[in-house]
Amino acid sequence: MTLAVVVNGRSRTPRRTLRHGSPGSGHQWIVTTPGAEPDLWAEYLDGAERSYGAHGVERVAAVDEIADGATTALLFAAVTDEGRVVGGIRTAGVLAHADDAAALAAWDGHPERARARAMFEERLSFGVVELKTGWVARDAPDRRRLTASLARTPLHAALILGARYGVGAGGGHSLRMWTASGGVVARELAPVPFPDERYETHLVWWDRWVSSTTVTEHERRALDAETAQLVGVVSPAVAS
């Protein structure tokens with residue numbers, strides 16, 4: 001399979017399938033598109049519906065609305081050694097306009113929506129890639145390591161698509177995971193109860209040009225190893 005990625009109207013075509021994984025983890029990440037891997041896409045959607053549905057927030061996944069794959073530029077799918085999809089996350093690509101950001105819906109009707117929108121506006125010229133619909137199966141092998149790897153996908157997506165920033169909306173319960181990978185919580189923006197009152201949603205940013213102080217040496221090595229595999233450079237395996 002050849003993965004074709006379109007950036008600002010130009011096609012960027014890697015010479016090989018994009019993937020990365022740690023030996024012994026029981027899974028690997030495959031970076032693809034819905035059109036290139038329709039079966040993988042279908043499994044990812046089924047998993048997203050189950051995962052979000054288990055918490056009663058399946059409307060956030062909006063599986064019926066995204067099923068045709070037209071709004072997904074890249075899919076990161078975690079696949080076990082047996083070929084089962086046990087996690088994933090997607091992006092619509094580099095944002096052309098601030099209002100294209102799905103995360104802004106969380107601030108609809110909130111007094112600080114304008115401030116949230118302004119954060120996107122000031123970064124658009126550098127390239128912003130929004131990650132969404134992320135999930136990890138409860139029975140995934142080595143789930144802790146898989147979840148940590150999922151948290152690094154905003155940086156990988158931004159790299160692949162030639163953008164500086166990654167961004168996503170994260171619940172308060174998941175902020176520790178996102179910040180461990182270099183995400184910076186927009187503390188100047190008030191969190192909102194989205195998708196319902198059980199959650200406190202924040203905006204989280206990743207900047208490929210700035211090293212975050214929240215990233216441990218182990219996380220840096222893991223990120224470097226994954227990046228090396230994605231771009232085709234031999235790198236030592238990272239111990240868990």
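The values are calculated or read from the model by the stated rules, or taken from the named source; none is laboratory data. Being a predicted model, the structure only gives us computed values, none of them experimental. Backbone-built Cβ (ideal geometry, glycine too); neighbour counts: all protein chains shown. Heads up: the accessible areas ignore ligands, DNA and RNA and are worked out on the full protein's heavy atoms, side chains in. Shrake-Rupley method; radii C 1.70, N 1.55, O 1.52, S 1.80 Å.
What to note about this one:
- Unique match (being of a type in the set (A, V, I, L, M), in contact with a Phe, Trp or Tyr (Cβ under 6 Å, 6 or more places away or on another chain) and open to solvent by less than 20 Å² (accessible area, probe 1.4 Å)) among Ala151, Ala186, Ala163: Ala151
- For the stretch 72-107, the set of residues classified as loosely packed, with under 15 Cβ neighbours inside 10 Å and touching a Phe, Trp or Tyr at 6+ places or on another chain (Cβ under 9 Å) consists of His97, Asp99, Ala105, listed by residue number.
- Selection count, the stretch 30-54, where residues are in a helix (DSSP H, G or I), of a type in the set (D, E, K, R) and either more than 20 Å from Leu146 (Cα to Cα) or in contact with an Asp or Glu (Cβ under 8 Å, 6 or more places away or on another chain) (or both): 2
- Only residues that are open to solvent by 30 Å² or more (accessible area, probe 1.4 Å) and either free of Cβ contacts under 8 Å to residues at least 12 places away in the same chain or outside any helix (DSSP H, G or I) (or both) were counted in the stretch 119-133, giving 4.
- Residues of the stretch 18-35 that are on the phi < 0 side of the Ramachandran plot and open to solvent by 40 Å² or more (accessible area, probe 1.4 Å): Arg19, Pro23, Gln28, Gly35.
- Among the residues making up the stretch 162-175, a single one is in a loop (DSSP other than H, G, I, E, B) and within 14 Å of Asp100 (Cβ to Cβ): Ala163.
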